[in-house]
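Undergrad: Take a look at this one; I'll ask things after.
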Amino acid sequence: MAERLNGYRILILETREEAQFSKLLAEQGADVLQCPMFTINDPPDPAAVEGWIRGAIERPFDDLVLMTGEGLRRLVKAARRLNVEADFIGSLGRQRKFARGPKPGRALREIGLEPQVTTENPTSEGMIEILSRVDLVDKRVGVQLYPDKDHGALLGAIAAKGATAIPVTPYVYDARAADSHIVTAIEEMALGRIDAIALTNLGQIRRLFEVAQAKGFEARLREGLTKTPIASVGPAVSDELKSHGLQADIYPDNDSFFMRPLISAMATALAKKKPRNASH
């Protein structure tokens, strides 16, 4: 990557794959400020996930909808704990697999598999649009979901195609320990100490506003976001920003909704001005 981020302080909100994102930014010379948003845990009661895995082995689904890479990795780990990992992966290999964007595909390749279909638009709406084009009549469709979202539209779309959806949510979010980190990040933006905030999923925006509202910091958050260039990885993030009356200042070229194109776009945009040199 020709562009460099030497001296620029980039705020990232840690969720699922931000360890990789932080590494890529640091390789380009960025001073990365990492703000934990929540931790990801296995469900308190593993029975539903374990039952779903055993069901997938005993009677493989016709189709599998994967909404996140984290979800697939959690399912594989759960299968390993049950000593059925090989059987589970073998079952997945016999199913037609639909991936919501590149992340589930990356997780599939980690276990030697490939998605048959990857959505161009890495959103629930993108998945619904893809599924609307295929024959699902009388199909059994395994659906890996993620927390803190109403998935009724997706499950309803599958049912409307004459299929039976069999959902599983293999992880939960725990946000209790992260509020103080988020307040600190808001203050850093409001004080003009951040060169850009990089957003890679819409849950990050929701958490920012949730904590800001709970702590009486929403005005301070909006002040900070006005001062700080906002880099968005793709349409889902940009749409969530719009719902809060905000817009992305930096966006990947050619609708390439990946980390490296986002970093390249940030480097190009920030090169137009010097890094902020305020003390941290």
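The values are calculated or read from the model by the stated rules, or taken from the named source; none is laboratory data. Predicted model, so just to flag it, every value in this text is computed and none were measured. Note: areas computed on protein heavy atoms with side chains; ligands, DNA, RNA excluded. Shrake-Rupley method; radii C 1.70, N 1.55, O 1.52, S 1.80 Å.
Undergrad: How about Lys274: which lysines have a C-alpha closer than 27 Å to its C-alpha, ignoring those fewer than 8 places off in the same chain?
TA: Cross-link targets: Lys23, Lys227.
Undergrad: By the gyration tensor of its Cα atoms, with a ≥ b ≥ c the square roots of the eigenvalues, what is the shape of the range 190-280: rounded for a/c under 1.5, prolate for a/b over b/c, or oblate?
TA: oblate
Undergrad: What number in nm² do you get for the chain if you take the convex hull of its Cα atoms and divide its surface by four?
TA: Its Cα hull, projected and averaged over all orientations, spans 15.2 nm².
Undergrad: Nearest-5 percent of antiparallel DSSP beta bridges in the chain?
TA: 10
Undergrad: Averaged per residue, what accessible area in Å² does the range 116-177 show with a 1.4 Å probe, protein chains only?
TA: I get 50 Å² per residue for the range 116-177.
Undergrad: Another question, if that's okay. Averaging over all projection directions, find the projected area of the Cα convex hull of the range 1-82 and quote it in nm² with one decimal place.
TA: The directionally averaged projection comes out at 7.7 nm².
Undergrad: Once neighbouring chains are kept in place and the probe is 1.4 Å, which whole percent of the accessible area of the chain is contributed by carbon and sulfur?
TA: 49
Undergrad: How far is helix 202-215 tilted off the main Cα axis of the chain, in degrees rounded to 10, range 0 to 90?
TA: Long axis of 202-215 versus the principal axis of the chain: about 60 degrees.
Undergrad: Explain nothing, just the number: relative contact order of the chain, from Cα pairs under 8 Å at least 6 residues apart, as a whole percent.
TA: Once normalised by length, the contact order is 20 percent.
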